[in-house]
Structure formats: C-alpha cells, structure tokens
Amino acid sequence: MILPPVRYVRPQSVAEAASLLAAIDGAAVLAGGQTMINALKLDLVQPTALVDVHRLEELRGIEVADDGSLVIGAATTYAEIAASPVVRHHQPSVADMAAGLVDRQVRNRGTIGGNCCLNDPTNNFPPLLTALGAWFHITSTAGWRSITADTLFAGSLATALRPGELLMSVRLKPLPEGTRIVHRHLQLAADSWALARVVVRLDVIDGRVEDARVVLGAVPGSPLRLATVEQALLGHPADTRLTDAALTAFDEADVETVGDAHASAAYRLEMTRVQLRRALDDAVERSVAA
Ligand SMILES: Cc1cc2nc3c(=O)[nH]c(=O)nc-3n(C[C@H](O)[C@H](O)[C@H](O)COP(=O)(O)OP(=O)(O)OC[C@H]3O[C@@H](n4cnc5c(N)ncnc54)[C@H](O)[C@@H]3O)c2cc1C
C-alpha cells in the first residue's frame with residue numbers, strides 16, 4: 001500500500017507544534033505512527049498535514065514530581081517505559097503493560113500518548129490508566145488543562161481532546177499501600193487485537209476493600225468502568241467470596257460485546273467474564289500474601 005501525498009512538518013518545540021496545529025486546518029499529530037501510517041494507507045483518515053512530535057524532548061521522558069507522582073511524557077515509547085527502573089519502582093503495572101505490548105518494532109516506535117489519544121477499544125493503556133486514576137496534561141495555543149482518565153476517554157476511538165490540542169504527559173499519583181492492580185486479557189496472537197481485557201484495582205485496608213475499580217477493554221465504550229461490580233466489591237472482605245459477588249454483579253450488568261470474524265459476541269462476553277474471575281482471584285491472592 002502506498003501512502004497518499006500529505007504535508008509533513010517537524011516542529012522544534014511544543015509551542016511550535018501547538019501553533020502549527022492551530023494554523024493548519026485539518027492537521028493531525030503524528031507520534032509513533034504505528035496506527036496513523038496504516039490509517040493513512042487505508043484511507044481511513046485524510047489529514048491535511050502531519051505534525052510530527054515524536055522527537056520533541058519536551059514530550060519525552062519519565063520523572064517523579066515533588067508530590068511523588070510519576071510523570072510520563074506523551075511521546076515516550078513503550079520500550080522506554082518498559083526499560084525504566086523508575087516506572088518499574090513506582091507503577092509496576094505500567095512497566096508490565098509496556099513490556100508485553102505487541103512486538104519489538106511496535107514497542108520501539110509506539111508511544112503512550114498515541115495509545116491514549118487513539119483510544120482504540122482494544123488498546124492496552126486506556127483501561128489500565130483508568131484503573132490507576134491517571135491525569136492527562138494537555139496544551140494548545142489557548143493554554144493548558146489537566147483532565148482525568150474518566151474524562152479523556154470518551155468512548156471507542158473518541159477522546160475529550162479538542163481540535164488543536166496536544167497531549168503533553170500522563171501523571172500517576174502514588175497508589176495507597178494495599179492497592180492491587182491486575183490486568184488480564186485474551187488475544188489470539190501477540191500482534192492481534194484483544195478479544196477480552198479486564199483491569200481490576202482493589203484498595204485493601206485491614207482485609208477489606210476500601211475502593212475498587214473494574215475496567216473493561218475490547219467492548220463498546222472502552223475503557224468501560226463497571227460501576228455495579230465496583231459497588232459489589234466495596235466493603236467486602238478480600239477473600240475468595242469476593243469473586244462470586246463480583247461475578248453475580250457482572251452477570252446482571254448486561255455488558256455489550258460485538259461479534260466479528262475472530263469471535264462471536266457470546267464468546268467475547270464469556271472470555272471477559274473469565275478474565276474478570278482470574279483477575280479478582282489474583283488480586284485476592286496478592287492481598288492475602290501481602
Ligand atoms: C501490528 C500492530 C499491532 C498492534 N497491537 C496493539 C495492541 O495489541 N494493543 C495496543 O494497545 N496497541 C496496539 N497497536 C497500536 C500501537 O500501540 C500504536 O502505537 C498506538 O495505537 C498509537 O500510538 P502511536 O504512538 O504509534 O501513535 P500514532 O499512530 O502516531 O497516532 C495515533 C493517534 O493519536 C494521535 N496522537 C498521538 N500522539 C498525540 C499527542 N501527543 N497529542 C494528541 N494526539 C496525539 C494521532 O493524531 C493519531 O490520531 C498495534 C499496532 C500494530 C502496527
């Protein structure tokens with residue numbers, strides 16, 4: 001497949017990138033290009049120009065803020081995140097997610113910002129960052145703002161980003177002691193889309209669930225928080241009965257799944273249930289072991 005002709009610009013700063021995005025009607029951000037280039041070849045998108053931010057130093061890198069939050073630049077690649085001892089120490093689930101993503105080629109080019117701004121329902125990071133309660137720092141010629149994951153992710157392939165806005169960084173506050181994060185997913189091959197994805201977060205204090213987040217991927221509206229399942233977990237002792245309580249709530253939640261050439265809707269629903277059960281069992285096991 002041949003790329004259609006498209007204007008390409010490489011700004012030298014975030015300010016210049018924001019100016020270009022504001023000045024060129026229909027311009028799009030290019031980060032790792034792992035989705036954008038394929039979408040261009042398939043004529044799924046028709047930007048008037050590509051504003052390449054992949055090498056902007058201001059968008060790259062990993063640091064710990066004064067309040068202990070982990071801040072990851074939007075153009076930081078999966079490979080850089082996976083290799084970072086800082087991420088491993090502060091948010092091990094993020095390091096694991098980056099290390100397990102697709103293959104070496106995609107990990108070397110793809111960025112956490114691109115993953116979030118695309119918000120494909122099968123993408124890895126949106127459900128995890130929703131469970132972690134991430135904040136997103138966004139800039140444009142109009143100024144900057146910070147929004148939560150619950151706000152940024154606005155449904156499949158949709159975000160709250162406005163035209164001309166650039167995602168700068170992802171910010172993750174330290175997790176309370178006693179928090180367990182478990183990610184489970186099912187995919188047919190390393191480079192195929194997930195059929196089911198579940199992220200469970202349990203904040204356990206004195207053997208009880210103080211707070212819970214249960215987030216699905218690979219379903220319509222991903223990342224999808226299951227409020228009734230979270231409610232069923234609140235205050236529950238962190239033991240094996242917790243899984244039964246959550247699965248009962250899951251069965252009553254009428255989760256929608258979609259069938260396609262890879263799997264039927266019923267199979268995806270059942271596999272989502274299986275991933276949820278495994279994630280909860282794992283979270284409980286880790287709580288007991290801690
Ligand atoms: C074979 C293959 C398999 C894959 N499998 C998976 C998988 O299993 N799970 C998964 O999560 N991903 C998967 N991907 C997608 C991959 O993770 C992409 O890297 C990701 O979706 C987009 O990141 P990117 O940096 O390449 O962004 P790009 O492709 O450059 O951009 C993606 C979108 O985000 C926008 N964007 C990017 N950065 C910013 C920013 N800073 N501010 C505003 N908008 C921005 C772009 O304008 C574009 O709309 C796969 C890709 C390939 C090629």
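Out of all the residues in the range 129-146, which are within 10 Å of the ligand (Cβ to nearest atom) and surrounded by 23 or more Cβ atoms within 10 Å (Cβ to Cβ)?
Listed by number, the list holds a single entry, Phe136.
For a quick check of your reading: which strands (runs of 3 or more DSSP E) sit entirely within the range 152-234 and have at least 1 residues that are small (Gly, Ala, Ser)?
Details: elements: 166-172, 179-187, 194-205, 208-217.
Fully inside the range 152-234 and qualifying: 166-172, 194-205, 208-217.
Between Ile72, Ile81, which is open to solvent by less than 20 Å² (accessible area, probe 1.4 Å), assigned to a helix (DSSP H, G or I) and in the same structural domain as Asp103 (by TED's automatic domain parsing)?
Result of the check over Ile72, Ile81: Ile81.
Quick check on this structure: which one of Ala212, Ala218 is open to solvent by less than 60 Å² (accessible area, probe 1.4 Å) and in contact (Cβ under 8 Å) with a residue 40 or more places away in the chain?
Ala218
Between a first residue in the range 148-168 that is open to solvent by less than 40 Å² (accessible area, probe 1.4 Å) and a second residue that is of a type in the set (Val, Ile, Thr) and assigned to a helix (DSSP H, G or I), which pairs have beta carbons less than 8 Å apart while being 6 or more apart in sequence or on different chains?
From the range 148-168, the pairs are Ala149/Thr130; Phe153/Thr130; Ala160/Thr151; Leu166/Val14; Met168/Val14.
Filtering the range 16-29 down to residues that are hydrophobic (A, V, I, L, M, F, W, C) and without any contact (Cβ under 8 Å) to a residue 40 or more places away in the chain, which residue is farthest from the ligand (Cβ to nearest atom)? It would help to see each step written out before you state the result.
Residues of the range 16-29 that are hydrophobic (A, V, I, L, M, F, W, C), as a first pass: 17-18, 20-24, 27-29.
Now drop any that are not without any contact (Cβ under 8 Å) to a residue 40 or more places away in the chain, which leaves 20, 23-24, 27-28.
Working: Leu20: 13, Ala23: 16, Ile24: 13, Ala27: 9, Ala28: 4 Å.
Here the residue is Ala23.
Please enumerate the residues belonging to the range 30-67 that are free of Cβ contacts under 8 Å to residues at least 40 places away in the same chain, near the ligand (Cβ under 9 Å from one of its atoms) and closer than 24 Å to Glu80 by Cα.
Leu30, Ile37, Asn38
Residues that are surrounded by 17 or more Cβ atoms within 10 Å (Cβ to Cβ) and among the aliphatic types (A, V, I, L, M), at least 2 per element: which strands (runs of 3 or more DSSP E) completely within the range 3-69 meet that?
Filter on the range 3-69 gives 27-30, 49-52.
Return only the number of the condition from (1) within 8 Å of the ligand (Cβ to nearest atom); (2) among the hydrophobic types (A, V, I, L, M, F, W, C); (3) surrounded by fewer than 18 Cβ atoms within 10 Å (Cβ to Cβ) that Val86 does not satisfy.
(1)
Filter the range 90-119 for residues that are at pLDDT 95 or above, within 6 Å of the ligand (Cβ to nearest atom) and outside any helix (DSSP H, G or I) and give the result.
Gly110, Thr111
Evaluate the following for Arg197: is it in contact with a strand residue (DSSP E or B) (Cβ under 6 Å, 6 or more places away or on another chain) and within 10 Å of the ligand (Cβ to nearest atom)?
Answer is yes for this residue.
Which of the following residues is within 16 Å of the ligand (Cβ to nearest atom) and either at pLDDT 95 or above or open to solvent by 40 Å² or more (accessible area, probe 1.4 Å) (or both): Leu234, Leu186, Leu269, Leu175?
Details: Leu234 fails: within 16 Å of the ligand (Cβ to nearest atom); Leu269 fails: within 16 Å of the ligand (Cβ to nearest atom); Leu175 fails: within 16 Å of the ligand (Cβ to nearest atom).
Only one candidate passes the filter, namely Leu186.
The values are calculated or read from the model by the stated rules, or taken from the named source; none is laboratory data. Bear in mind the structure is a predicted one, so any value in this text is a computation, not a measurement. Please note: Cβ atoms are built from the backbone with ideal geometry, for glycine as well, and neighbour counts cover all protein chains shown. We work out accessible area using only protein heavy atoms, side chains counted, and drop any ligands, DNA or RNA first. Shrake-Rupley method; radii C 1.70, N 1.55, O 1.52, S 1.80 Å.
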